[in-house]
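The values are calculated or read from the model by the stated rules, or taken from the named source; none is laboratory data. Just so it is clear, the structure is predicted and the values come from calculations on it, not from any experiment. Here the Cβ is made from the backbone with ideal geometry for all residues, glycine too, and neighbour counts use every protein chain on show. Side chains are part of the model used for accessible areas, which takes the heavy atoms of the whole protein and leaves out ligands, DNA and RNA. Shrake-Rupley method; radii C 1.70, N 1.55, O 1.52, S 1.80 Å.
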Amino acid sequence: MGSLNIENVKKAFGPVEVLKGINLEVTDGEFVVFVGPSGCGKSTLLRVIAGLEDSTSGRVVIDGADVSATPPAKRGIAMVFQTYALYPHLTVKNNMGLGLKQAGTPAAEIDRRIGIASSMLSLEPYLARRPAELSGGQRQRVAIGRAVVREPKLFLFDEPLSNLDAALRVNTRLEIAQLHRRLRATMIYVTHDQVEAMTLADKIVVLNAGKIEQIGGPMELYNAPANEFVAGFIGSPKMNFVDGARLGETAKTIGVRPEHLTVDAKSGAWKGTVVHAEHLGADTNLYLDCEKAGLITVRIFGVYNAEPGATLYATPDPAKTYRFGADGKVLK
Amino acid sequence: MSTATHSLPRTIGAHAVLLTYTVIALFPVIIVIMNSFKSRAGIFGAPLTPPTPKTFDLIGYTTVIGQGDFIHYFQNSLVVTVASLFFVLLFGAMAAFALSEYRFRGNSMMGLYLALGIMIPIRLGTVAILQLMVASGLVNTLTALILVYTAQGLPLAVFILSEFMKQVSDDLKNAGRIDGLSEYTIFFRLVLPLVRPSMATVAVFTMIPIWNDLWFPLILAPSEETKTVTLGAQLFLGQFVTNWNAILAALSLAIMPVLILYVIFSRQLIRGITSGAVK
Ligand SMILES: Nc1ncnc2c1ncn2[C@@H]1O[C@H](COP(=O)(O)OP(=O)(O)OP(=O)(O)O)[C@@H](O)[C@H]1O
Ligand SMILES: [Mg+2]
């Protein structure tokens, strides 16, 4: 009861094409995350799904019904915004109940649903307050609560955590994950943050410049990126890309993740000088300027003492080295 | 505000400048009010001194109040000002919302066209307006004045309000749409309360010229029935004898309503002017 099909959706603002033919299938109960660089069209795609923006062409099908001409309120969706977007003049309770009231739901039913949602999100003490009297984290929980009470077929989240501080972000992320498990609802979630993407998603959709680069589970994208863009976008620190010609390889580019390189003081594949070392406690990031490979990042688990200027040899794990062709696609 | 950045000489300097300005701005108003309480001899004998027991006289006020119609003129002014203000704010805000919220062909041309009125004084069209009013039988009605003043106030209102409405969060409006609110509800319940300070700014800038206007009442509605206060005060300006007591009293009384409206709006007004400067 919450499937979504997007068929060849295009969207242009005047002459600027923002979405260039998106095809996507989301099955009932799935948690799908859209990631991509700023301006790639994630929010626009979400707004097209919500009906807040008309697509230039293509179809949006929710639960088997084409909703391209249906207004947002009738699509069976709920949306949580980055800026919370609570109604400033209404109390928390009325903020959550407004949508149902507009739809003509009986008052008793509205109260019942608000009761369930507010206990789920621990909002009971705040029901009589106005948004101005809440902290950022509480406001975002109210916004999530407002979505929950609608019992939608489809939840849409547009970067819901990016206005929260780091600790709160982790907590709210957990809450959203639990919410998904309890409600078993279909959720679509837009984010910049790849930790959020990797931890929450059943399926990640990587977007770039209005096109889908790859769709897959988090580990699938990490282990088998389809192209250079996805390889560089998923994983932190970013994958190292080395010009194939410099290494005497046939591939245009060779990619290896920082965690798939080992270092040694005496011997190895690439000789280099330490430019900078970042000590994070659990792991250490070394920046090496290599004769053959150029500037690369190496991630070492645990503490590793290396002074800038020291000479080190880095060796890539051959089983975890990616080869990309001239078109950026992975070579098999 | 920290005290470190406010040394004593600078504070004194700033206050001196502001006080000087206040005195200059208030001087004519105070002279008018002061002299309105004096006898004719007192006004001409020593115009700059406050009323003394010898020169104190309420003759001006008794003349004005005694001229029974004056209350009626007041009413006319108030009706015209409040009604025009209402329409300017309502239509101005609605047009501003459409311009800032919806993408349609010719949106920016429309905005420019609506703002053009700021630069072209409406008085240039007086003859045409008079012909229009004569043709539609509206001469000597308050409706004529309300229509003209609404037209006069709209350009600035649309211009200022559309700038402020662009700043209202899109997410909030979209949340309303998802909850099934109509565009009217979104406009009246979500957007208007958030731009209230700028509405107050527009209200003050619109209200004062309307209240003080002499031109259009004189041309469009000079009848006894529809005279406004500013026009009514002309009654005492004779060709040979001018009743200065009555004029000064009438003008002093005319200040009151605007002053009251201003006080109502001013709290909002200051927020409107400084919003954006301090987040
Ligand atoms: N109303 C609009 N008119 C014109 N261009 C727009 C409009 N809305 C968005 N765009 C353009 O569409 C592109 C995609 O915008 P969108 O908001 O979808 O990006 P995004 O992927 O959500 O970025 P971010 O991660 O920064 O939120 C951007 O280049 C933006 O400039
Ligand atoms: Mg976005």
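Of the residues that sit in the range A:61-74 and are surrounded by fewer than 22 Cβ atoms within 10 Å (Cβ to Cβ) and touching a residue at least 24 places away in the same chain (Cβ under 8 Å), which one is nearest to the other protein chains (Cβ to nearest Cβ)?
Result: A:ALA73.
In this structure, is A:ALA78 assigned to a strand (DSSP E or B), open to solvent by less than 10 Å² (accessible area, probe 1.4 Å) and at the interface with another protein chain (Cβ under 8 Å from one of its Cβ atoms)?
yes
Do we find that A:GLY104 is free of Cβ contacts under 8 Å to residues at least 24 places away in the same chain and open to solvent by 10 Å² or more (accessible area, probe 1.4 Å) in this structure?
yes
Search the range B:95-112 for residues that are in the same structural domain as B:GLY176 (by TED's automatic domain parsing) and pair each with any residue that is open to solvent by 40 Å² or more (accessible area, probe 1.4 Å) and of a type in the set (Lys, Arg) when their beta-carbon atoms are under 7 Å apart and the residues are at least 6 apart or on different chains.
What qualifies is B:SER100/B:LYS166.
Restricting attention to the range B:97-144, which residues are touching a Ser or Thr at 6+ places or on another chain (Cβ under 8 Å) and closer than 19 Å to B:THR226 by Cα?
Residues satisfying the conditions are B:ASN140, B:THR141, B:LEU142.
Quick test of your reading of the structure: B:SER162 fulfils all but one of (1) farther than 21 Å from B:MET94 by Cβ; (2) within 25 Å of the chain's Cα centre (by Cα). Name the failing condition by number.
Just one mismatch for B:SER162, condition (1).
Would you check which residues across the range A:249-258 are surrounded by fewer than 19 Cβ atoms within 10 Å (Cβ to Cβ) and closer than 19 Å to A:PHE233 by Cβ and list them?
If the condition is that a residue be surrounded by fewer than 19 Cβ atoms within 10 Å (Cβ to Cβ) and closer than 19 Å to A:PHE233 by Cβ, then A:LYS252 is the only one that fits.
Select from the range B:185-213 the residues that are closer than 14 Å to B:THR81 by Cβ and open to solvent by 30 Å² or more (accessible area, probe 1.4 Å) and list them in ascending order.
Correct list: B:PHE205, B:ILE208, B:PRO209, B:ASN212.
Specify the residue that is farthest from the other protein chains (Cβ to nearest Cβ); the eligible residues are those in the range A:38-55 that are of a type outside the set (A, V, I, L, M, F, W, C) and more than 7 Å from ligand 1 (Cβ to nearest atom). Spell out how you get there, then give the answer.
First pass over the range A:38-55, keeping only residues of a type outside the set (A, V, I, L, M, F, W, C): A:38-39, A:41-44, A:47, A:51, A:53-55.
Okay, now just the ones that are also more than 7 Å from ligand 1 (Cβ to nearest atom), so A:47, A:51, A:53-55.
Working: A:ARG47: 8, A:GLY51: 8, A:GLU53: 9, A:ASP54: 10, A:SER55: 15 Å.
Selected residue: A:SER55.
Could you list, ordered by first residue, the pairs with Cβ atoms under 6 Å in which the first is in the range A:178-205 and under 14 Å from A:PHE157 (Cα atoms) and the second is within 16 Å of ligand 1 (Cβ to nearest atom) and hydroxyl-bearing (Ser, Thr, Tyr), at least 6 apart or interchain?
Close Cβ pairs satisfying both conditions: A:ALA197/A:THR191.
Condition check: open to solvent by less than 60 Å² (accessible area, probe 1.4 Å), modelled with pLDDT of 90 or more and in the same structural domain as B:VAL204 (by TED's automatic domain parsing). Does B:GLY92 satisfy that?
In short, yes.
Could you run through the range A:264-283 and say how many residues are open to solvent by 30 Å² or more (accessible area, probe 1.4 Å) and touching a residue at least 40 places away in the same chain (Cβ under 8 Å)? Write out each step before concluding.
Of the range A:264-283, the ones open to solvent by 30 Å² or more (accessible area, probe 1.4 Å) are A:264-269, A:271, A:273, A:275-276, A:278-282.
Still in the running and touching a residue at least 40 places away in the same chain (Cβ under 8 Å): A:264-269, A:271.
Looking only at that region, the number is 7.
Residue-by-condition table, conditions (1) open to solvent by less than 10 Å² (accessible area, probe 1.4 Å); (2) at the interface with another protein chain (Cβ under 9 Å from one of its Cβ atoms); (3) within 16 Å of ligand 1 (Cβ to nearest atom); (4) among the basic types (Lys, Arg):
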{"position": "A:ILE110", "(1), (2), (3), (4)": "no, no, no, no"}
{"position": "A:TYR126", "(1), (2), (3), (4)": "no, no, no, no"}
{"position": "A:PRO131", "(1), (2), (3), (4)": "no, no, no, no"}
{"position": "A:SER135", "(1), (2), (3), (4)": "no, no, no, no"}
{"position": "A:GLN138", "(1), (2), (3), (4)": "no, no, no, no"}
{"position": "A:GLY145", "(1), (2), (3), (4)": "yes, no, no, no"}
{"position": "A:ARG150", "(1), (2), (3), (4)": "no, yes, no, yes"}
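For the condition assigned to a helix (DSSP H, G or I) and buried (at least 18 other Cβ atoms within 10 Å of the Cβ), what is the one hit in B:GLY42, B:GLY125?
B:GLY42
Restricting to the range B:180-220, and then to whatever is in a loop (DSSP other than H, G, I, E, B) and under 20 Å from B:LEU251 (Cα atoms), can you tell me which residue is farthest from the other protein chains (Cβ to nearest Cβ)? If you could, list the steps in order and put the result at the bottom.
As a first pass, look at the range B:180-220 and keep what is in a loop (DSSP other than H, G, I, E, B): B:180-182, B:195, B:213-214.
Subset that is under 20 Å from B:LEU251 (Cα atoms): B:213-214.
On the way: B:ASP213: 36, B:LEU214: 42 Å.
So, considering only residues that are in a loop (DSSP other than H, G, I, E, B) and under 20 Å from B:LEU251 (Cα atoms), the one farthest from the other protein chains (Cβ to nearest Cβ) is B:LEU214.
Just one of the numbered conditions (1) over 30 Å from A:ALA132 (Cα atoms); (2) away from ligand 2 (no atom under 16 Å from the Cβ) is not true of A:GLY51; which one?
(1)
Specify the residue that is farthest from B:VAL79 (Cα to Cα); the eligible residues are those in the range B:142-177 that are open to solvent by 40 Å² or more (accessible area, probe 1.4 Å), away from every other protein chain (no Cβ under 14 Å) and not aliphatic (A, V, I, L, M).
B:LYS166
If the requirement is being away from chain B (no Cβ under 13 Å), within 16 Å of ligand 2 (Cβ to nearest atom) and open to solvent by less than 60 Å² (accessible area, probe 1.4 Å), which of these qualifies: A:VAL35, A:VAL92?
From the options A:VAL35, A:VAL92, the qualifying one is A:VAL35.
Is there a residue in the range A:152-162 that is over 26 Å from A:GLY41 (Cα atoms), open to solvent by 50 Å² or more (accessible area, probe 1.4 Å) and more than 16 Å from ligand 1 (Cβ to nearest atom)?
No.
May I ask you to list the residues in the range A:7-32 that are away from every other protein chain (no Cβ under 14 Å), under 25 Å from A:PRO152 (Cβ atoms) and within 11 Å of ligand 1 (Cβ to nearest atom)?
If the condition is that a residue be away from every other protein chain (no Cβ under 14 Å), under 25 Å from A:PRO152 (Cβ atoms) and within 11 Å of ligand 1 (Cβ to nearest atom), then A:LEU19 is the only one that fits.
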